[in-house]
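Report on the structure given below.
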Amino acid sequence: MTIATSQTDRLGANPFVVEGPIVAGSGVPGPNFALGAVAGGDRESEWVYCKLVLASTTTLQPGQWFQWDRDYTATLLTTAAAVVGNRCGVFAGASQAPTQSGGPAQSISLVAGTYYIWVQRNGEAPALVTTATAALVVAETTATAGLANAPASATTTTKAIQGVNFTAANQTFTATTVNGSAVLTSLGSVSPAGGPFIGAAISGTGIPGATTISGITYTPSGTIQSITMSANATANGTGITVTATGVLEATLMRPYLSKVN
């Protein structure tokens, strides 16, 4: 399976474009769609149009979990702020030219202000998760904003997220490392829709502990050309196996916060 990459049934709607910051009197229209509008796309995907108000500079990355209320105001999901009954989903990513580092779906830093975003609620999507148990259909909130957990058994006092499962607990691909370089090349078993995804933790021969994917560079045709790590490799390696965790493909089935565990 691969994640959803297109949104087609509303002319102009794009899940990878963040609108804002919206400033009253600036002449920039906002919102551009009715709050709560739903748009569909490939891989059974559905996105919901929500308002996002940020009090301080915030970095959003593909796979972060959001909840939204009946007014379609979205907030990053945490156990403390989660409201049972609220719907939830993941941020698809921010739009960027495919020839630039970060690619079509990448992280974005937003200053304080009012924004409008499309949050994915159905279909295949990248999702931030600490522990993932394959085929588990109930995940849970965590204390970290935007991060979910999917352990084999529920954690007391968290809020249950009903309607999501993970097909695998990790993802593997092959790459070439160069000692002293943060760039992985000669990649195998990777694709823009299939991952790995920005923010994922990676491990393998010559890759330091606690390393994550900080950037992805694409060719003009849209294929993945190289991956940038958060740390330099400590050895040369060809065709090494790299394991990615933390940002995994999830199947979303209109998730909602169902109960307190």
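The values are calculated or read from the model by the stated rules, or taken from the named source; none is laboratory data. Nothing here was measured: the structure is a model prediction, and the numbers come from that model. As a convention, Cβ positions derive from the backbone with ideal geometry for all residues, glycine included, and neighbour counts pool all protein chains shown. Each accessible area value is taken on the protein alone, full model and side chains, heavy atoms only, with ligands, DNA and RNA left out. Shrake-Rupley method; radii C 1.70, N 1.55, O 1.52, S 1.80 Å.
Things to note:
- Across the protein chains, with a 1.4 Å probe defining accessible surface, the residues Lys159, Lys51, Lys259 rank Lys259, Lys51, Lys159 from largest area downward.
- Within-15-Å neighbourhood charge of Glu249 [Cβ basis; K, R +1; D, E -1]: -2
- Top of Ala182, Ala127, Ala148 by mean-square fluctuation, Gaussian network on the chain, Cα under 10 Å: Ala182
- Segment Arg70..Thr155, full-extension length gain: 27.9 nm, with 0.36 nm per residue of separation and the alpha-carbon distance subtracted.
- For the chain, the Cβ-based charge dipole about the Cα centre amounts to some 280 debye (Lys, Arg positive; Asp, Glu negative; other atoms uncharged).
- Selected from Ala233, Ala200, Ala92 as most flexible by GNM, with the chain as the system and alpha-carbon contacts under 10 Å: Ala233
- Relative contact order computed over the chain (Cα-Cα under 8 Å; 6+ residues apart), in percent: 22
- Residue among Val23, Val84, Val119 with the largest mean-square fluctuation in a Gaussian network model of the chain, springs linking Cα atoms under 10 Å: Val23
- Contact order for the range 111-245, expressed relative to its length and based on alpha carbon pairs under 8 Å spaced 6+ residues apart, stands at 23 percent.
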